[in-house]
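Some notes on the structure that comes next.
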Amino acid sequence: MTALTGQHENGQHENGPSDHDSDPHETGLRRIRALILAADGPEEQLAAVIRSAGAEQTAADLVDELVGRADLSEQLAAAAAVVVQFELAFDGQVLRRHLLAGPKAEHRTGPADEPSATVELDLLDLARAVFGARHTAGNRTPRITWHGIEDPARLMHVLPAFPVVQQLLRGLVEQPLDLAELSLRLGSDKWGLHYYTEHYARHFAPLRDRPLTVLELGIGGYGDPAAGGGSLRMWKRFFRRGLVYGVDVYDKTALREQRIHTVQGDQGDPAFLTALAERIGPIDIVIDDGSHYCPDVIAAFGALFPHVVPGGLYVIEDLQTSYWPGYGGSSERLGDPTTSMGFLKQLLDGLNHEEHEPPTAHRPSGTDRTLAGAHFYHNLAILDKGRNEEGTVPAWIPRRQLSAEEIAGAQWVAEQQSAQQSEAGPGQDAG
């Protein structure tokens, strides 16, 4: 558990952080969002976005993304440093960046003095491969030059570059990902302490190829500014075209990175959450892994669910606290709407709002009309946002259970009507 208290059509977002924001990290988010959306568009549009951001900046963003997707842990443990140079063609020039894979991975602008390998690729193709949808066309095959491979004396210095380059280039293609493994590797508790990842894999898989906005309440690490963020990194890796926002009562600015933005605030403050949603929305997925205090869970849902897009998901984790008095829950008042589970049970009645009898017995709320489905697992609820106004069954279907005599009488009337129609013959009025 973590500490947190005290045009959107066809996957295309129109809104992002306000243009008036002075936070340079949010400016970077807008730049990445523009690149993600343009990666599916015509070549001229993508090129224009790159020129607007700056070709050097775009090259840096794309190489950073490749480094983030590569699992270089074993390679970085090697004694010998590996230098990989990128040569990216755009607008008649060649942009050069190089990656230093030593005790840690870092990339810099400009050519390398003695690279172990050079990767050549068109910048437009790199952008489409990294941030485009799976169907996006483009020649994404890079040209790789291994420096010194013909010299037996240098061969031992070239060999460590093979797995590094291989891992980097994996980021050019869609990879099957095991969320449980990602959770463990990146420091999230969503597998092990909990077992949520198989449910997330089922519900999130259809959204992986979309340019999403994901908001998670609760970053982890409590008061340590450099601790936590494992789940944010997991979502960034899983949703390769997504922007991931994390909210915590503690300042977690140190955990920001490309496509991950942290915000300090209180989950129990609806005004704060509403303002945040209006700034970053519309939102595709909300994950409440915050305080787990029942009043906070209910307040956050009320503030954020209206900002989830149709087809989006709202997730509430760690529902065991609904039964713990210390979190505002109860194991005796199971239907109490002030507890998390009692509140959710009430939502299920709203899911069937068109079936209430008489119809005036229940006045549907906005949530009733937009809660399209609900999935419950151990300590976990996943709610579907959509249109919930498909209509009830026809009025001629009885709204009460009929007696045997009433059923027999209805059958007799139906038989009589059928007989009269048969006697009248086709095309004649039986009445």
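Working note: Karplus 6.51/-1.76/1.60 with θ = phi - 60° gives the range 315-324 the couplings 10, 10, 9, 6, 6, 4, 5, 5, 9, 9 Hz, where Gly and Pro are set to x.
Label positions at GLU355 and GLU198, each projected 7 Å from the Cα along the C-beta direction, are separated by 2.8 nm. Protection proxy ranking for 397-406, 310-319, 356-365, 52-61, using the average of other Cβ atoms within 10 Å per residue and placing the highest first: 310-319, 52-61, 356-365, 397-406. With all protein chains in place and a 1.4 Å probe, the accessible surface of the range 185-331 carries 57 percent carbon and sulfur.
At R0 = 60 Å, how high is the FRET efficiency between GLU389 and THR141 if r is their beta carbon distance? Nearest 0.05 is fine. Computed FRET efficiency for GLU389 and THR141: 0.75. Computed from backbone phi, the HN-Hα couplings of the range 140-153 come to 9, 7, x, 9, 10, 10, 9, 7, x, 5, 7, 9, x, 5 Hz, rounded to whole numbers (Karplus: 6.51 cos²θ - 1.76 cosθ + 1.60, θ = phi - 60°; Gly and Pro given as x). Placing unit charges on the Cβ atoms only, positive for Lys and Arg and negative for Asp and Glu, gives the range 246-374 a dipole magnitude near 240 debye about its Cα centre.
Return the lysines within reach of LYS104: Cα separation strictly under 30 angstrom, same-chain partners fewer than 8 residues apart disregarded; answer none if there are no such residues. Reachable lysines: LYS190, LYS236, LYS252. Between ALA374 and ASP384, the built amide H atoms are under 5 Å apart, and every one of these is 5 or more places off in sequence or on another chain. The dipole here belongs to the range 125-229: it is taken about the Cα centre, uses +1 on the Cβ of Lys and Arg and -1 on the Cβ of Asp and Glu, and is about 340 debye. Once you have a ≥ b ≥ c as the square roots of the Cα gyration tensor eigenvalues for the range 193-240, tell me rounded if a/c is under 1.5, and otherwise prolate or oblate according to whether a/b is larger than b/c. It comes out oblate by the Cα gyration axes. In the context of the full set of protein chains, residues of the range 294-431 present 59 Å² of accessible surface per residue (probe radius 1.4 Å, heavy atoms only).
When peptides 345-352, 36-43, 149-156 are sorted by average Cβ neighbour count within 10 Å, with the highest value leading, the order is 36-43, 345-352, 149-156. Based on DSSP H segments of at least four residues, each scored -39500 (n - 2.57), the chain has a per-residue ellipticity at 222 nm of -10500 deg cm²/dmol. For the range 349-413, the carbon plus sulfur part of the accessible surface works out to 54%, probe radius 1.4 Å. Note on TYR293: accessible area approximately 100 square angstrom, rounded to 10, probe 1.4 Å, nucleic acids and ligands left out.
The values are calculated or read from the model by the stated rules, or taken from the named source; none is laboratory data. On a predicted model such as this, the values are computed, not experimentally measured, just so you know. Neighbour counts run over all protein chains shown; Cβ positions are idealised from the backbone, glycine included. Ligands, DNA and RNA are excluded from the accessible area calculation, which covers all protein heavy atoms including side chains. Shrake-Rupley method; radii C 1.70, N 1.55, O 1.52, S 1.80 Å.
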